[in-house]
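Asks: Sharing a structure with you now.
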């Protein structure tokens, strides 16, 4: 995203920013930036009906600049389209004040965003992150098993499932070996075809000559087998695209064929080496640390809105290792009070406590893990007392032998 | 209540003599009334009904005749309310009908004019051709300037025929008018009812299309009102009419059609004038030109059209011959003509009661209490066809068996013919060997596949030659020790890498039992496959390596994880094969050490130790697998061989009587004739050729064309516990995936999207994403809430809303599945929860939403 003009007062946060989205991912940033009650000005195409008198009405589509007060946003993940609905706040000769309009934000078309309540720290942070064009790492990933594969595009802020391939592969067994091999070959063919279409399509859209690296991840050696297949196919068919791709293919181990199995893949060295940006590697690492503390039950990890607020109040998320992990879903809340609550919490941790704040993308695996925990978690600087109700400690490990267990 | 229809016919024949007339009527009455004469109950009801009606009518209507009340009651089948309404309509003062409080519309004005005119007109009879034509004419002819007559038609519709009969100038009718106006009143009431909501203009076309003529019900005055005079008059009238009809015929042939009438005719043609008889008590208001129109093909309407006689005597009597019997008479006499009429009345009033429904005999009779004759025949046929089957039937069949039987009989008609066997009985009587499936589990490289290969080799399930061939192949790639394992590991991938990837299903038989080996992969990456194997097994064989290093890594690795999965999937019986004893030279200490360490682990995992047997063996050499150890170091061991331990294991009890559940383990192309085959274990219930099964989650049905047992022999049926191959038809391969469930369409499993389960944690569990496994089937789920920690043995809640569940704890958790399909789960079903390549817990489903 290109920042064309910025008029934000540092103190009050009042002002506006003019932005130019340049690549599909920018739409995701815009989606996170644009809140209800914001005012957004962009070029719009609107059908205008004119009464010609005597009951005759002509209507024509005209392009005009409209400023609307946002009431809701709708983001289509698959196509990276952002629709912003709202009411017109600046009247012109064609459109009445207060009439409804839905702006379709498009790539390479600028828009101006003004926050009525001012830009808060999170919004400013998001803005600068969105406009940081230096790290544009992206990577294709195929998480696969036998007869099943998920094709994903991993970017800095998103992991988007682009396609899913499923082919029935008969299992081994008496006299069925032929079928098993045939099925496997069919699966490989289908997967490669789909992958190639996806990658070439994306390349055409991006209009770059750069070859995006490909990550093959699987349990066992399904990925190796597929890589073997790609290599053979590239040589056999003489496909230029595949031949260029082969050197940039990385093999990684994943536990399964699901998209969320990518989490461990992204943390693996094979992956971090390829993806220059360390943002999600760092996030994944932080999540792992958090999990470790949880497992150890040393009291240095907490999750859930209420617990975290308590922890921040008692100063446990501060200097010396305190990390607040918060998912950006909380800032997308349509309830403004809710958003303010979290912005205040973030500000407090950052400014007052001096702790680290990480806003995790809900479209990434680490962010998803965080969402499961209530979208907010923290690594604490010192152990807080146990927050559950006290348990009566019964050592029933040995006693269990005679009795039937309930499960 | 004499049957009027019969009467009228009798009269027109010309029986003038009263005596004969009476005799005849009596005869006919008796003859026709045989089936329908008033029964005692009827009379009672009638008497009671008359009293009630009298009460309801009150003093205002005291002049109502008893006969009429009875008539009404009979017509309405003792429905007092309806009878009262009818009678009130009939005897109501006539004045209110024409006096419309409505604002005077153009139509009304026209209608009023027409009304006023009618009496002063030359007394021409107007022909009402049927209400449908008038309705249509209303809209069509009004444009043609025929407003007057049209308006009068509208009036006819609204006011009913009664109003018109009042306006009639033919006062001569009075002798009979009482009776006939009763009839017309009755019909007018109904007509009103029917048209009450029809708008004046723009009559909806639906209403136009469905209306048929309302034939006149004539009373004929035969309810005692008849006299010789009346009979005479009727005769004369008839004569006149016949003459007139003849004249009209002649006139019709000669005259050109009038424009307006032609228009009307066009409308009438569709309406089949034959079914629109003329009402003699209404005066047709069309000019007489009507009769000049070329007559429609049917001669009947022409005959019925009364020709106006300007000067003639105007005694009007019902045209008895042309008349259809009254509804009442029709019911009594069962005249065939009344069929459509009854239907019409029903459609007009929408509530024609079923005759005799109130009669006691009717309510008492239960025609469906006994099988119908058809059923009897069918039963007999079925009995003769199923004769051999019924012989095998055991006497003490339980309710459950009956249920199972009935479920089996529920076979939808398909191309594949079902033999309709009672599979449970067949199974009990065929004296099959007991069926046992066992899963072989353990850490990778502990020798599971080799041990199984040895077992098959020693039992001569595989011949020497193929093993020799494998040996040669194995030697060429320098892995000679893998030769036996290759009996199980058949894919090139498995062989070149030396690990099992997928479950190998191999059947073999001993003298008492037919076993199926489910050789599970030991590698941690393939635990999903292993879970699929465990879900089919009755008991498990845990293979552990006797060597120290390997044993220890196993105990940390898949020896532990597999055992926990097996345990939490509900398998109690476990044979621990301490393998590779040859490498530790059959040392007793080593065996005991392994035994102790493993037992300690089992205790913590809540296995009941009495169900666990430890067997030392050596898969590679075959010692103590099927035969005793030859090694002298092993003299200390006197227990059973591995095979003996297998045979001593009892399979799980089979739920034969429950509805069918089968988990698909493989989908493949059986042969040219069987393009779609599946295999998998029947978890519960039975199946046979011709059965229709429902595949979940695709919700598609298939028919079983043929069944093959694991050893390749064809069968007519299969029962729970067996792992048959089913050749299916009527389903596409895309609807069947590995791990899908086949179940009886009559008792399907629900696809569950969110549920609560008791979970035994193997790892720390927080609210997190997990893979939920139901056998091979899996779905991504989110643990949304940790409800409580439970006591392992009592199930009591020890802690509420924990933040984390520690390994070994039992917790109640809520899981929501992502995606649209959901998993086919039942209460009591077992699931395995995995995350990031580790098994985090196992669950027992408690409830779902």
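Every number in this text was worked out from the coordinates using simple rules, so none of it is lab data. This one's a predicted model, so the numbers in the text were calculated from it and none came from an experiment. Cβ placement follows ideal geometry from the backbone for every residue including glycine, while neighbour counts extend to all protein chains displayed.
Asks: Efficiency by 1/(1 + (r/R0)^6): what FRET value for residue A:6 and residue A:336, r their Cβ-Cβ distance, R0 = 25 Å, to the nearest 0.05?
Replies: Computed FRET efficiency for residue A:6 and residue A:336 comes out at 0.60.
Asks: Residues in the range A:15-57, backbone N under 16 Å from the label point at residue A:102 (7 Å along the Cα-to-beta-carbon vector): list them, ranges by number please.
Replies: A:44-47
Asks: Sticking with this one: Quick one: Cα convex hull volume of the range B:731-849, Å³ per residue?
Replies: In the range B:731-849, the Cα hull volume divided by residue count equals 109 Å³.
Asks: In addition: Cβ neighbours within 10 Å, averaged per peptide: list B:69-75, A:125-131 in order, most packed at the top.
Replies: Listed from highest to lowest mean packing, they are B:69-75, A:125-131.
Asks: For B:237, A:231, what ranking results if the residue with the fewest other Cβ atoms within 10 Å of its Cβ goes first?
Replies: Sorted ascending by nearby Cβ count, the order is A:231, B:237.
Asks: Which percent of Cα-Cα pairs in the range B:476-562 sits in each 5 Å bin, short to long?
Replies: Binned Cα distances yield the sequence 3, 12, 20, 22, 22, 14, 6, 1.
Asks: How shielded is A:217-225 by partner chains, expressed as the average number of their Cβ atoms within 10 Å of its Cβ atoms?
Replies: Taking all residues of A:217-225 together, the mean is 4.
Asks: In deg cm²/dmol and to the nearest 500, what is the mean residue ellipticity at 222 nm of chain A if only DSSP H runs of at least 4 residues count, each as -39500 (n - 2.57), divided by the residue total?
Replies: Taking each H run of at least 4 residues, the total per residue is -10000 deg cm²/dmol.
Asks: Then there is this: Beyond 18 Å, how much of the Cα-Cα pair distribution for the range A:279-379 remains, as a whole percent?
Replies: 40 percent
Asks: Rounded to the nearest 0.05, what FRET efficiency is calculated for residue A:20 and residue B:801 with R0 set to 45 Å and r the Cβ-Cβ distance?
Replies: 0.40
Asks: Run the simple label-point estimate for residue B:793 and residue A:382 please: 7 Å along Cα→C-beta, distance reported in nm.
Replies: Computed distance between label sites residue B:793 and residue A:382 equals 4.2 nm.
Asks: Further question on the same structure: Starting from a Cα-only point model with no solvent, please compute log10 I(q)/I(0) by Debye for the range A:139-274 at q = 0.21, 0.22 1/Å.
Replies: -1.34, -1.46
Asks: Report Rg(Cα)/(2.2 N^0.38 Å) for chain A, keeping two decimals.
Replies: That ratio works out to 1.21.
Asks: At a Förster distance of 45 Å, what's the computed FRET efficiency of residue A:347 paired with residue A:244, Cβ-Cβ distance as r, to 0.05?
Replies: 0.40
Asks: What translational diffusion coefficient, to the nearest whole µm²/s, does the range B:614-769 have by Stokes-Einstein, given a Kirkwood radius computed over alpha-carbon pairs, a temperature of 4 °C and 1.567 mPa s viscosity?
Replies: 69 µm²/s
Asks: Order B:707-714, B:826-833 from most to least packed using the mean count of other Cβ atoms within 10 Å.
Replies: Result, highest mean first: B:826-833, B:707-714.
Asks: Counting only Cα atoms, I'd like the Rg/Rh figure for the range B:434-647, Kirkwood definition for Rh.
Replies: 0.93
Asks: Sticking with this structure for a sec: Mind checking the full-extension length gain between residue B:65 and residue B:432? Use 0.36 nm per residue of separation minus the Cα-Cα distance, one decimal, nm.
Replies: 123.7 nm
Asks: Would you work out the relative contact order for the range A:279-379, in percent, from Cα pairs under 8 angstrom that are 6 or more residues apart?
Replies: Over the range A:279-379, the number comes to 40 percent.
Asks: Which semi-axes, in whole Å and largest first, does the equivalent ellipsoid of the range A:2-130 have when worked out from the alpha carbon gyration tensor as the square roots of 5 times its eigenvalues?
Replies: Over the Cα atoms of the range A:2-130, the semi-axes work out to 29, 17, 12 Å.
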